[in-house]
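J.: If you scroll down you'll find the structure; I have some questions about it.
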Amino acid sequence: ELGEHRHYMHKEIFEQPQSVIDTLQGRISGDSVLVSAFGHQAEEIFSKIEQVQIIACGTSYHAGLVAKYWFEDIIGMPCLVEVASEYRYRNPVIRPNTLLLTISQSGETADTLAALRSAKATQADLASLTICNVPESSLTRESDLVFLTHAGPEIGVASTKAFTTQLVALALFLTAMGRVQNRLSTGREKAIVAGLQKLPSLIQSALQHEAVIKDIAQQFADKGSALFLGRGTMYPIAMEGALKLKEISYIHAEAYPAGELKHGPLALIDDTIPVIAIAPKDELLEKLKSNLQEVKARGGQMIVFEDEDSNVNTDGDDLNVIKATTNVGRITAPITFNIPLQLLSYHVALIKGTDVDQPRNLAKSVTVE
Ligand code: M6R
C-alpha cells in the first residue's frame, strides 16, 4: 500500500497534486465555481450571510486562519476564527446572519462538534457549513451545508493533504460566496479559478525541492527549539510549519508574525536557534526582510523559503535560501509554501528516528475532549 514510500505521511505529501485535482473536480464550470457544490440550499443561504465564523482544531484551525485573510481581503466579508475548545466554553455573541463554518478532516473531532452543537443551541436558525474529508461523519450529518474535500483517506496522524484540500475548499467557498453576493468581479473570479487549476503543477514543483530540504533537515538534528516567521497568510502557514515540526519530530517550535519579533521573541535569538522564514514576493516582503535583518544581526541561523523574485539574500551572506516556488498568487502562495515545510518536518523526524505516522501521545481523530 505504501508503494515506494517509507511512511504514509510521505505518501500523502506526494499525493497532494492529485488530491487538489480531485477536490476541484466537478466544482468548477468554465471559469466559475459552482455554488451548488456546497449543497442545493447554498445559493439561498449564502445570499443572506453577513459574517463567517470559522471553528476548528489544530491544522484545520490553521486553514481557517488563512481563510480569514482571504475573506476580508478578497470579498470584504468579516470572518472570525477560533479554536473549538475555546469557542464551546465561551458565551460567544453570534451576530445575525452569521454562517458557522466548521473545518475538519475527520468530521468527528469532539470539540468542533460540541462547538457546532452549542452555537446551534444558542441560535436555532444559525446556518452551518462543514468542510470535511469524511462523508457520513458527525459533522456532515449535523451541518446544513456540506463540502467534502476529496483528499482520500489520510492515515498519517500529521495532517498534510487534508490541509491542502481544506484551503482549496475555502478558496472555492469564498469565490462562490463572493459571486452570490456580487462582491467579486468576474475577472477576479476567473483569476482565482485559473490559480487553483495551476496548483497541482505548483505543488509538483515545490515537491521537487525534497533533496535540498533533506540536507537542511540535518541542521535540526541537535536542536531543541525552532522559530517560524511569516507575515499575512504566511503567519498561519508558519504556525502550521511549527505544529508539524513539534508533532512529528518532538522539537519545540513556535510561530510568530514577523512584526512581533521585537515585542519579545527577539530575546531568544542566538546562533543555536534555527529561524525559518517564509518569504514570498508580496507587498509585505520588504517588511519581512527588515525583520530578518534583526535576526541576522543577532547571529540567528536562518532558513528562508522564498520564490524566484524574493531575493532575500541580497548581500551574499551565507544563508540557507531555498527557492521554494515560482509565480504564486494570493490564493496559491500559502498552499504552495506549506509544501516545503511539510517536507522539512518529515525529514527532521526521520533523522530523529521518531514514529512519523503515529507520533507519541497523539491520535488521528480526537473524539474525546
Ligand atoms: O479531524 P480534524 O481536522 O478535526 O482534526 C483536528 C486536529 O486534531 C488535527 O488537525 C491535528 O492538529 C493534526 N494531527 C495536525 O497534524
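J.: State the percentage of accessible surface on the range 116-230 attributable to carbon and sulfur atoms; use a 1.4 Å probe and exclude ligands, DNA and RNA.
T.: Values: 2150 of 4270 Å².
Answer for the range 116-230 is 50 percent, counting heavy atoms of protein chains only.
J.: Here is a further query. Peptides 249-257, 184-192: what's the order by average Cβ count within 10 Å, highest mean first?
T.: In descending order of packing, they fall as 249-257, 184-192.
J.: Hey, with R₀ at 22 Å, roughly what FRET efficiency would LEU2 and SER201 work out to, going by the Cβ-Cβ distance, to 0.05?
T.: Result of the calculation: an efficiency of 0.30.
J.: So, one more: Can you return the aspartates and glutamates within cross-link range of LYS323? Criterion is Cα-Cα under 16 Å, with same-chain partners fewer than 8 residues away left out.
T.: GLU210, ASP215, ASP282, GLU306, ASP307, GLU308, ASP309
J.: Under a 5 Å amide H to amide H cut-off, with H placed in plane at 1.01 Å, what residues pair with CYS57 once short-range neighbours are removed?
T.: So CYS57 has HN proximity to ALA84.
J.: In addition: If I stretch the segment between LYS246 and ASP309 completely, what's the gain in nm (0.36 nm per residue apart, minus their alpha carbon distance), one decimal? Kindly include the intermediate steps, with their values, before the conclusion.
T.: Values: separation 63, 0.36 × 63 = 22.68 nm, distance 3.03 nm.
Computed gain between LYS246 and ASP309 is 19.6 nm.
J.: In nm, to one decimal, how far is the ALA124 label point from the ILE155 one, both placed 7 Å along Cα→Cβ?
T.: In this crude spin-label approximation the distance works out to 4.7 nm.
J.: While we're here: On C-alpha positions alone, give me the angle between the axis of helix 285-297 and the longest principal axis of the chain, in degrees, nearest 10.
T.: So the helix axis and the longest Cα principal axis differ by about 40 degrees.
J.: Let me ask something additional. On a full-extension model of 0.36 nm per residue, what is the gain between LYS287 and ARG360, subtracting their alpha-carbon distance, rounded to one decimal in nm?
T.: 22.5 nm
J.: Follow-up. Using alpha-carbon positions, what is the distance between the centroids of the range 265-288 and the range 11-87, in Å?
T.: 28 Å
J.: Another question, then. Pick from GLN301, GLN208, GLN53: which residue has the top mean-square fluctuation in a GNM of the chain where Cα pairs under 10 Å get a spring?
T.: Maximum fluctuation in the GNM of the chain, among the listed residues, is at GLN208.
J.: By the scheme Lys and Arg +1, Asp and Glu -1, what is the net charge of all other residues having a beta-carbon under 13 Å from that of ALA333? It would help to have the intermediate numbers written out before the result.
T.: On the way: positive: LYS198, ARG231, LYS281, ARG330; negative: ASP73, ASP282, GLU283, GLU306, ASP307, GLU308, ASP309.
Here the charged neighbours net out to -3.
J.: Efficiency by 1/(1 + (r/R0)^6): what FRET value for ARG188 and LEU319, r their Cβ-Cβ distance, R0 = 30 Å, to the nearest 0.05? It would help to have the intermediate numbers written out before the result.
T.: Numbers: r = 36 Å, r/R0 = 1.19.
Step by step, r from the Cβ atoms, then E = 0.25.
J.: Once the Cα atoms of helix 332-352 and of the chain are each reduced to a long axis, what angle between those two axes, in degrees from 0 to 90 to the nearest 10, is obtained?
T.: Tilt relative to the chain: about 50 degrees.
J.: Averaged per residue, what accessible surface does the range 37-112 expose to a 1.4 Å probe, in Å²?
T.: 39 Å²
J.: Right, next: How far is helix 58-70 tilted, in degrees, relative to the longest principal axis of the Cα atoms in the chain, given as a value from 0 to 90 rounded to the nearest 10?
T.: It works out to around 80 degrees.
J.: While we're looking at this one, here's another question. Taking Cα atoms of the chain, Rg/Rh with Kirkwood Rh, to two decimals?
T.: 0.96
J.: Right, here's the next one. Could you list the residues of the range 120-137 with an amide nitrogen less than 17 Å from a label point located 7 Å from the Cα of GLU44 in the Cα-to-C-beta direction?
T.: 125-129
J.: Still on this structure, please answer the following. Only four residue types carry charge here, +1 at the Cβ of Lys and Arg and -1 at the Cβ of Asp and Glu. Report the dipole size of the chain about the Cα centre in Debye, rounded to the nearest 20.
T.: It works out to roughly 500 debye.
J.: Here's something else I'd like to know. Over all alpha-carbon pairs of the range 80-186, lay out the pair-distance distribution in 5 Å bins, whole %, shortest bin first.
T.: Over the range 80-186, the share of Cα pairs per 5 Å bin runs 2, 12, 21, 23, 20, 13, 7, 2, 0 percent.
J.: Determine Rg/Rh for the range 25-110; Rg is computed over alpha-carbon atoms and Rh is the Kirkwood hydrodynamic estimate from the same atoms.
T.: Reported Rg/Rh (Cα atoms, Kirkwood Rh): 0.98.
J.: What number comes out for the charge environment of LEU80, summing +1 per Lys or Arg and -1 per Asp or Glu over other residues with Cβ under 13 Å away? Kindly include the intermediate steps, with their values, before the conclusion.
T.: Working: positive: LYS68, ARG90, ARG95; negative: GLU50, GLU72, GLU82, GLU86.
Neighbourhood net charge equals -1.
J.: What FRET efficiency do you get for VAL212 and GLN181 if R0 is 45 Å and r is their Cβ-Cβ distance, rounded to the nearest 0.05?
T.: For VAL212 and GLN181, the calculated efficiency is 0.55.
The values are calculated or read from the model by the stated rules, or taken from the named source; none is laboratory data. Keep in mind it's a predicted model, so treat the numbers as computed, not measured. Here Cβ is always computed from backbone atoms with ideal geometry, including for glycine, and neighbour counts include all displayed protein chains. Ligands, DNA and RNA are stripped out before the accessible areas are found, and what is left, the full protein with its side chains, is counted by its heavy atoms. Shrake-Rupley method; radii C 1.70, N 1.55, O 1.52, S 1.80 Å.
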